Amino acid sequence: MSLGTQILLVIVSFFFGVLFELIHSICYKIIYCKKIVIKVFLTFLLILLQSLLYFYILLKINNGIIHIYGIISLLIGMLSFYYLKLLFYKKYKK
């Protein structure tokens, strides 16, 4: 795999991690319900669809090969959005 493809994979994985966390946060507020079975099912369905979308993107970028730096970049994107969200909540909650 060429260096350009690897860099593209890292960048796309980072932004997909941000998008993954954003959609999960929004949907968590939307599917707030007292019935735990419905909440678990919808959360499972959401994560399944997002995972399939990520693997489809991987298929288009580098023939579906999963590299550890792609997963690490995905996790860093998720964590950075999560901590950024916490920072804004603390800042504007005061």
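The values are calculated or read from the model by the stated rules, or taken from the named source; none is laboratory data. Computed from a predicted model, the values in this text were never measured in an experiment. Note: ideal-geometry Cβ built from the backbone for every residue, glycine included; neighbour counts use all protein chains shown.
Of the residues that sit in the range 65-94 and are at pLDDT 85 or above and not in a helix (DSSP H, G or I), which one is farthest from the chain's Cα centre (by Cα)?
Ile65
So Ile38 clears everything in (1) within 12 Å of the chain's Cα centre (by Cα); (2) free of Cβ contacts under 8 Å to residues at least 24 places away in the same chain except one condition, right? Which one?
(1)
Take the conditions in a helix (DSSP H, G or I) and of a type in the set (Lys, Arg) and apply them to Lys34. Does it pass?
no
Within the range 8-19, identify whether any single residue is modelled with pLDDT of 90 or more, touching a His at 6+ places or on another chain (Cβ under 8 Å) and not aromatic (Phe, Trp, Tyr), and answer yes or no.
Yes - at least one qualifying residue is present in the range 8-19.
Could you go through the range 47-55 and let me know if any residue there is in a helix (DSSP H, G or I), closer than 18 Å to Leu86 by Cβ and of a type outside the set (Ser, Thr, Tyr).
No, there is no match, as no residue in the range 47-55 is in a helix (DSSP H, G or I), closer than 18 Å to Leu86 by Cβ and of a type outside the set (Ser, Thr, Tyr).
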